[in-house]
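Notes follow once the structure below has been shown.
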Amino acid sequence: MRAILSVSNKSGLVDFARQLQELKVEIFSTGGTKKSLSEAGLKIHGISDITGFPEILDGRVKTLHPMVHGGILARRDKPKHMEELDKHKIGQIDMVVVNLYPFVETVAKTGVTLEDALENIDIGGPTMIRAAAKNFPAVLVVVDPADYSSVIDALKCGKIDLSLRKKLAQKAFQHVALYDTAISQYLLEGEKFPDDLTIALQKVSGLRYGENPHQHASLYVEKNAGLKPWGITQIKQHHGPELSFNNFIDLDSAWNVVSDFEEPAVAIIKHTNPCGLASYNDLPEAYRRALAGDPIAAYGGIMAVNKVMEIDLATEVDKTHFDVIITAGYSDEALTLLGRKKSLRLISMPAGARPPKGKTVEFRPVSGGFLAQLKDFYTDEEFKPKVVTKRQPTQKEWDDLFFAWKAVKHVKSNGITLAKDRTLMGMGAGQPNRSVSAQIALERAGERSKGCVLGSDAFIPFPDTVELAAKGGVTAIIQVGGSIRDEMAIEAANKYNIAMVFTGVRHFKH
């Protein structure tokens, strides 16, 4: 039996090669792989011993040769193929162990040039992998070090099941597909929605189940050569049980909310909607304000803070039951205190986990396909609100209007937020009628609605929402504007001395 070993990931390589040799497998190798195995005391042949031709063009051409690919691709069950091997003195190659340069990691490094990237595009490796995978009934193809042990066990038994060969071939084609996707992503400039698009996903872990116990689920991370790793897949878990599918959905929502604030912010999430949110320099006070938004809904929810959690905040948080807490980090004292609760999951996010504007495409599955869009994000500098009523907002109202507008972006449409003192007082989400969302928000806020501002994720097409707001004591409204009935809403606002601001930007979240 003859094998070619040429790997970028050398994890477990030496032990695997040693076991192959104990099983009388003749090993051929190239470049760094050959060097590593030779330095470990193994007797390894070079690829030139097969091809009779030296490596050329700085190693660009090593294995691209009929003596290699003939030995891989020949059908053992076709006499004509075997006769041709004999005629050209081509030896069979029974195993190909290859994994590819880490292209995504390479191009993510600071200062990488186009020339550097091009030099890290493997040609011979993918060609050998594809050839071996195409002929998997006769040739073992191994791209993942995790499969070394099962291959050795099968060889020791003297029989390699077709099911194992097929599984290894599938992994091999997927390995090449991910690699080609990364290169395509790197070379793609400007166009975010090309005619053909592949998404490279790598499994992080299985999950206990999906949204419901009867649904299977797993977590995948996107490998994108155009972006540094970001988002909720980058979390670090410090304490508690494993995260569920629903935990990840809520964590993503929670972190997205607090990430929209440069200043300290605390959010409490239930079923992806913020039921509590406050921005205040004193984090324990911000937490108390957020919790007051809906202390009943907060029970068993997700709490997020965009700063490091110190002991003073942890002491407050410890008084309430949460499923998960996500922060920018924890002090040792905070971890010790909160870590007493066995069921509480403590999560942190690395710095820089937020993607740059205009570079992140979101995907939403629909029957038979996906929708794709750029992430809803724009900077405070780009925000150009326009006052459309007789009364201008006060400075305090402006502060709360900005807050309400950031908050409503994260509320399911039709979304309404009520805010005062940079604190979410009430929220209405997901109602077919916008005025019903407003009514829910006002009922949730109760007496606290007096002096609030109201944020609406889209335009207010009728004066009914304005009239409800006025009855609840709302003093200012921020909305998109652009309805054919804008004048009706403006007239109602003027009637009740409510300041109204148009943003020109919509925040639908379906």
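The values are calculated or read from the model by the stated rules, or taken from the named source; none is laboratory data. None of these values were measured; they are calculated from a predicted model. As a convention, Cβ positions derive from the backbone with ideal geometry for all residues, glycine included, and neighbour counts pool all protein chains shown.
Some observations on this one:
- Qualifying position, being touching a Lys or Arg at 6+ places or on another chain (Cβ under 9 Å) and of a type outside the set (D, E, K, R), among 295, 264: 264
- Single residue of 314, 304, 334 found to be hydrophobic (A, V, I, L, M, F, W, C), part of a strand (DSSP E or B), at pLDDT 95 or above and in contact with a helix residue (DSSP H, G or I) (Cβ under 8 Å, 6 or more places away or on another chain): 304
- Residue under evaluation residue 126, criteria (1) farther than 25 Å from residue 203 by Cα; (2) part of a helix (DSSP H, G or I); (3) not aliphatic (A, V, I, L, M), criterion not met: (1)
- Here is the figure for the stretch 271-285: residues that are touching a residue at least 40 places away in the same chain (Cβ under 8 Å) and either of a type in the set (A, V, I, L, M, F, W, C) or outside any strand (DSSP E or B) (or both) total 5.
- Complete set of residues in the stretch 145-159 that are of a type outside the set (Ser, Thr, Tyr) and loosely packed, with under 15 Cβ neighbours inside 10 Å: 146, 153, 156, 157, 158, 159
- Exclusive hit being surrounded by 12 or more Cβ atoms within 10 Å (Cβ to Cβ) and free of Cβ contacts under 8 Å to residues at least 12 places away in the same chain, set 119, 83: 119
- Test: residue in the stretch 389-410 that is modelled with pLDDT of 95 or more, touching a strand residue (DSSP E or B) at 6+ places or on another chain (Cβ under 7 Å), over 24 Å from residue 254 (Cα atoms) and among the charged types (D, E, K, R): yes
- Residue 136 meets all of the listed conditions (1) under 24 Å from the mean Cα position of the chain (by Cα); (2) in a loop (DSSP other than H, G, I, E, B) but one, namely (1).
- Within the stretch 451-465, the only residue that satisfies the criterion of being more than 39 Å from the chain's Cα centre (by Cα) and either hydroxyl-bearing (Ser, Thr, Tyr) or at pLDDT 95 or above (or both) is 451.
- Taking the criterion of being in a loop (DSSP other than H, G, I, E, B), of a type in the set (A, V, I, L, M) and modelled with pLDDT under 90, the only residue of the stretch 61-94 that qualifies is 64.
- Residue ranges of strands (runs of 3 or more DSSP E) in the stretch 393-491 with at least 3 members over 23 Å from residue 383 (Cα atoms): 423-428
- Here 377, 370 are screened, and the one residue that is within 30 Å of residue 196 (Cβ to Cβ) and outside any loop (DSSP other than H, G, I, E, B) is 370.
- Qualifying residue in the stretch 34-50 (condition: charged (D, E, K, R) and under 35 Å from the mean Cα position of the chain (by Cα)): no
- Exactly one residue out of 238, 216 is in contact with a Phe, Trp or Tyr (Cβ under 8 Å, 6 or more places away or on another chain) and surrounded by 16 or more Cβ atoms within 10 Å (Cβ to Cβ): that is 238.
- In the stretch 95-110, the residue that is farthest from residue 124 (Cα to Cα) out of those that are in contact (Cβ under 8 Å) with a residue 40 or more places away in the chain and assigned to a loop (DSSP other than H, G, I, E, B) is 108.
- With respect to (1) under 23 Å from residue 102 (Cβ atoms); (2) over 38 Å from the mean Cα position of the chain (by Cα), the lone exception for residue 7 is condition (2).
- Residue match in the stretch 256-269 (condition: part of a strand (DSSP E or B), assigned by TED's automatic domain parsing to the domain that holds residue 339, hydroxyl-bearing (Ser, Thr, Tyr) and touching a residue at least 40 places away in the same chain (Cβ under 8 Å)): no
- Within the stretch 484-510, considering residues that are under 36 Å from the mean Cα position of the chain (by Cα) and over 21 Å from residue 440 (Cβ atoms), the one surrounded by the fewest Cβ atoms within 10 Å (Cβ to Cβ): 504
- In a residue-by-residue description of the stretch 38-60, the property of being among the acidic types (Asp, Glu), at pLDDT below 90 and farther than 30 Å from residue 228 by Cα applies to at least one position.
- Test: residue 165 is of a type in the set (Lys, Arg), within 22 Å of residue 47 (Cβ to Cβ), crowded, with 18+ Cβ neighbours inside 10 Å and in the same structural domain as residue 15 (by TED's automatic domain parsing): no
- Entry remark, the stretch 12-57: residues being within 23 Å of residue 130 (Cβ to Cβ) and assigned to a loop (DSSP other than H, G, I, E, B) number 6 in total.
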